[in-house]
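Student: Below: one structure in structure tokens.
The values are calculated or read from the model by the stated rules, or taken from the named source; none is laboratory data. Predicted model only: the values in this text are computed from it and were never measured. Cβ sites come from the backbone with ideal geometry, for glycine too, and all protein chains shown count toward neighbours. SASA here: full protein model, heavy atoms, side chains in, ligands and nucleic acids out. Shrake-Rupley method; radii C 1.70, N 1.55, O 1.52, S 1.80 Å.
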Amino acid sequence: MSFGLVLSILISYIFGIMAGVNIASSGYHLHLAFLTIVSIALLIPVAYNFKKQVGVVLVIFFLLGSLVSAQKVNFNSPLKEQTGTFVEIEGMVSRYTSYINRTVYLLENPVVFHGDRKLTGKGKEKIQLTIYNPTHNYSYGTVVRASGVLKEPSLRRNPGGFDYQKYLARRGVYTVINIPEGQAFKVGEKPGNLLLSTGFNMRDRITELSYTLSQNEEGIFRAVILGDKSGLTPENRNMYQGLGVMHIFAVSGMHVGFVMFLLLSLTSIFRMPKNTANVFILMCLLIYCAATGFSSPVMRASIMLGIYLWGRENWSNVQTANSLFLAALFLLLLNPLMIFDAGFQFSFAATAFIIFLTPILKANKYLGRDLIAVPLAAWLGTLPLTAYYFNILTPLGIILALPAGLMAGGVVIIGFVALILDFISSLISQFLITSVGGLIFYSQYLMQLFNKLPLFGEGFIIATPKIVTVVLFYFAFIIAFIAYHHRYNPHLRFFVIKKYKPILATFLAIIFISLSFQVFAPSYLEVVFLDVGQGDCIYIKTPNNRVILIDGGGVSGSHNYGDLVLIPFLKHLGVKKVDVVINTHPDDDHLAGLNPVLKQYPVDLTLIPAGFEEEYEGFLDIIEKRGLNYSYSNGGQSIGLDSDIQLNILHPSGDYPASLGANNNSIVAELIYNDVSLLFTGDIEMETINHMLPYTTQSHVLKFPHHGSSYSFNTEYLAKVDPEIVVIQVGENNSFGHPGKNVLEYFEDVGIPVYRNDLHGAITIYSTGKKINKVETVIK
């Protein structure tokens, strides 16, 4: 099959997927009918001309991609009827991942029982079951029954946040249930799929082999050999990500290549006939795919290597490219929505650049070696994706790709040799695993040395690029690649201008329009009320890019909202420094999330209320260790942010009694931008509200005190503030009954719109200083 045909079919199918996804989100039936009619209209004239049968194939693949992806996006799970209710579920364990405090299972063929009703999952639908603090795990094929509240997976709730609902939907999961161990029990066993069963048994056996390693080394071992990152510490994640070598923990072509090397060595030692050896290798690769959960990178690599095995005698770069495109097409035919997975994108982008860019780089006398050209090509190929998904630029990744790859190769090869020898001698096997631990230890030491390098060690934080920027990067590479391959054409100028004039014109027009939007866009004051559950967290950015944080949220279980929401949000925006941090009062739901910010970011000034030194002990320790500045707030102080923006502290005054409690001593701040005022009130209650009444003035935006509590409801105060917009920072299904019914009824009666984090996710307010220009919410 020719290079051009395979690539054309793949592109047509991908365009079909994109069209289908857009159709599904905007009037599915009407648009789909229109698409079908247009496709048939294109097929009729093409069918009359035999030479244009390729066009028929391309249209068919476009239509196929549209139909299949639209149907997947619009999949309607019957189990959603029971979300929000207490149910019993039953299903067979088809996959599981163990974390420190929980085990996550996927249950296939799920059945939901609610009273007399019995609902069965549709098609290949699964339920995700999470059991917290388990004393044992259920293996593949176990039929489990559990009881708890059935829920839909969480949506993206903050700018730059992760959409867990879409992520699980791409894997056929539309409902989840989270329970303690006592609410689940085994009811039977099923044989399941032999391939999956073998793969999971191999995974469990590898995990058991690592028991002699330290917890840190065991986590890295499992991540490298199985792609199971559940055992990686946050510190290791951050370090490897900052160094640009996080890819060694995503089982991909490199890992499969090492496994292939080991298998080819075994078949050579035992002198297997070629066809027998090929079948043996393919079966082993399939088992490895099963052990790693059939992730798209390992499947891509296995498909490409499988194609290579059967045609290696006449192999060329064209066949390598074709095998890549065929692998992509095969995986997208299995699941068209896989194209939106980061793992799929990273794997194919890196491989494509290695195939097409490496020969060009090697033509340069300084980059002529594979050890330099291949890592550089892969780094360039994933550069925009790394920026888009991780908000980081990692120049050290080019240098460290080789030592990190050698470490991964040693772990994979020695690990699998240990697995094989474990059937013969556990003593030899454990000796090899101990040597793997040593390899990891010294590799880790090397990485830590590079991580300490000033400027480069942690990478460079960059804002999330727009999708159009990512697309333009790859489009520019394609144009450059075409120009390079026609560089000796005497009619190159004519060739490029004549044949590619429309493409180049479109490319330049898109760049011009994109830059125009940025140059002529109005300069806004942005205020983002982040969704941090039952807590407060407010981000303010002035038109001159000064950054202010008011509170940081609290904790949820073992997760700190600073790490979970605030830090990723700041990285999403490319924030490198925070000018002012204000903690309104030392309650955990306002304070805890600021700790990670103070540990990771330079902060010019931190403001806290006086009188709570004991509660602030740990907070102030961080400030002192980092050498940061802090002061106690005082009513009447004013902080100049921009020439026309002031942050005025209204409360507490120096003589206000701390004995009235932390809530009543919350810092109350007013942000004034020319004619617009925004009032931030912390958790003040009735005593402070009455105290502030005489000097309360009108504000356009009111952050309602104490998560909408009835104890902070004062109609006289609200009448004086007279806001155009009210924001309530409150968590979903909180146990406090926030916001109060009387609060919501009051604003409904007076006709003032109320925005709530539990209903709307993060809320962003934009102003040019003359009025509130617009309000955007993440959840519409």
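Student: Can you match Cα extents along the principal axes in Å to one of these, (i) 92, 70, 63; (ii) 202, 65, 50; (iii) 96, 59, 51, based on a calculation from the structure here?
Tutor: (i)
Student: Okay, next question. Determine the percent antiparallel among the DSSP beta bridges restricted to the range 525-777, to the nearest 5.
Tutor: 65
Student: Quick one: order 551, 116 from most to least accessible surface, probe 1.4 Å.
Tutor: Numbers: 551 0, 116 160 Å².
Sorted by accessible area, descending: 116, 551.
Student: Taking a probe of 1.4 Å, how large is the accessible area per residue of the chain, in Å²?
Tutor: In whole numbers, the chain has 47 Å² accessible per residue.
Student: List the residues whose amide H sits under 5 Å from the amide H of residue 95, counting only those 5 or more places along or on another chain, with H placed 1.01 Å from N in the peptide plane.
Tutor: Close amide H contacts, sequence-distant or interchain: 106.
Student: Distance cut-off 18 Å, Cα to Cα: go down the list 72/122; 452/577; 80/126; 80/124; 571/771 and report the pairs above it. Intermediate results must be reported in sequence, preceding the final value.
Tutor: Working: 72/122 12 Å; 452/577 20 Å; 80/126 12 Å; 80/124 15 Å; 571/771 29 Å.
With Cα atoms farther than 18 Å apart: 452/577; 571/771.
Student: Quick test of the membrane-span-like rule: which DSSP H helices of the chain reach at least 24 Å along their long axis (C-alpha atoms) with mean Kyte hydropathy at least 1.6? The partial results should precede the final answer.
Tutor: Details: long enough: 3-24 (32 Å, 2.08); 28-47 (28 Å, 1.92); 53-73 (30 Å, 1.86); 274-291 (25 Å, 1.49); 317-334 (26 Å, 1.66); 342-362 (28 Å, 1.46); 370-390 (28 Å, 1.22); 396-421 (37 Å, 2.55); 426-451 (36 Å, 0.99); 467-485 (28 Å, 2.34); 492-520 (36 Å, 1.43).
For the chain, where a helix must reach 24 Å along its axis and average at least 1.6, the hits are 3-24, 28-47, 53-73, 317-334, 396-421, 467-485.
Student: Hey, another quick one. How would you order 180-193, 654-667 from highest to lowest mean count of nearby Cβ atoms within 10 Å? The partial results should precede the final answer.
Tutor: Working: 180-193: 13.2, 654-667: 17.4.
So the order, starting with the most tightly packed, is 654-667, 180-193.
Student: How do 217-225, 122-130 rank on mean C-beta neighbours within 10 Å, highest first?
Tutor: Numbers: 217-225: 24.8, 122-130: 18.2.
Packing order, densest peptide first, comes out as 217-225, 122-130.
Student: Let me ask something else about it. Over the chain, what is the relative contact order in percent, taking alpha-carbon pairs closer than 8 angstrom and at least six residues apart? Please list the in-between numbers first.
Tutor: On the way: 1369 pairs, mean separation 64.8, N = 780.
Once divided by the residue count of the chain, the mean separation gives 8 percent.
Student: Could you sort 471-477, 685-691 so that the peptide with the highest average Cβ count within 10 Å comes first and the rest follow in order? List each step's numbers first, then the result.
Tutor: Numbers: 471-477: 15.0, 685-691: 18.0.
Ranking the peptides 471-477, 685-691 by packing returns 685-691, 471-477.
Student: What does the helix-only formula give at 222 nm for the chain: each DSSP H stretch with n ≥ 4 adding -39500 (n - 2.57), the total divided by the residues, and the result rounded to the nearest 500 deg cm²/dmol?
Tutor: It comes out at -15500 deg cm²/dmol, rounded to the nearest 500.
Student: Please work out the Cα center distance from the range 365-390 to the range 121-197, rounded to the nearest Å.
Tutor: So the two Cα centres are separated by 37 Å.
Student: Summarise the accessible area of the range 197-461 (1.4 Å probe, protein heavy atoms) by the percent that is carbon and sulfur. Please report the intermediate quantities before stating the final value.
Tutor: Details: 7970 of 11700 Å².
Summing carbon and sulfur atoms, their accessible area is 68 percent of the total for the range 197-461.
Student: Right, something else. Pull up the DSSP beta bridges for the chain and report the antiparallel fraction as a percent, rounded to 5.
Tutor: Numbers: 71 of 97 bridges.
Of all bridge pairs located within the chain, approximately 75 percent are antiparallel.
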